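Each reported figure results from applying straightforward, stated rules to the coordinates on display, with no laboratory input. Only a predicted model underlies this, so the values are computations on that prediction, with no experimental measurement involved. Counting neighbours? That spans all protein chains shown, and the Cβs are built from the backbone with ideal geometry, glycine included.
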Amino acid sequence: PVVTFERRVLRSAAEHHYLRVRLELPDGGARPSVAQFKQLVVSALRELHGEVGAALPVDVLVYEEKTLSAILRVVSSGLVKLWSALTLLGFYQNRRCAFRVLQASPFLLALSGNSRELVLD
């Protein structure tokens, strides 16, 4: 008998992906509001991927101005475009900056906790 193997690669069926990100501004200064933060994300997409990238639907679900961290929602097909645009962004209002992607998941609930920050008594 001939044994055959079939390789199957399944993509996530999730419609959206969620990213927990943090904006790092090493020199301090003014912190962006939620609208400015969203505009920074859109401009990063436009800078790397043009107008098509800027049209990618990205939502800021949660934004903490104190820590400059946010949870972003993007359609799953645009995850790589968003992640690459955020990674390559280097300036905000002529100041050095960097986005750090802390967590990514197709499930929003997965971003509610981080096992690396878990403190056991």
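The set of residues in segment 19-35 that are in contact with a Cys (Cβ under 9 Å, 6 or more places away or on another chain) and outside any loop (DSSP other than H, G, I, E, B) comprises L23, E24. The set of residues from segment 63-97 being touching a helix residue (DSSP H, G or I) at 6+ places or on another chain (Cβ under 9 Å), of a type outside the set (D, E, K, R) and in a strand (DSSP E or B) comprises Y63, A70, I71, L72, V74, Y92. The residues of segment 36-61 that are in a loop (DSSP other than H, G, I, E, B) and over 21 Å from P106 (Cβ atoms) amount to a single one, A55. Taken over segment 66-86, residues that are exposed (fewer than 15 other Cβ atoms within 10 Å of the Cβ) and closer than 12 Å to E24 by Cα amount to 2.
Is there a residue in segment 32-49 that is surrounded by fewer than 12 Cβ atoms within 10 Å (Cβ to Cβ) and either touching a helix residue (DSSP H, G or I) at 6+ places or on another chain (Cβ under 9 Å) or over 25 Å from E64 (Cβ atoms) (or both)?
Within segment 32-49, none of the residues are surrounded by fewer than 12 Cβ atoms within 10 Å (Cβ to Cβ) and either touching a helix residue (DSSP H, G or I) at 6+ places or on another chain (Cβ under 9 Å) or over 25 Å from E64 (Cβ atoms) (or both).
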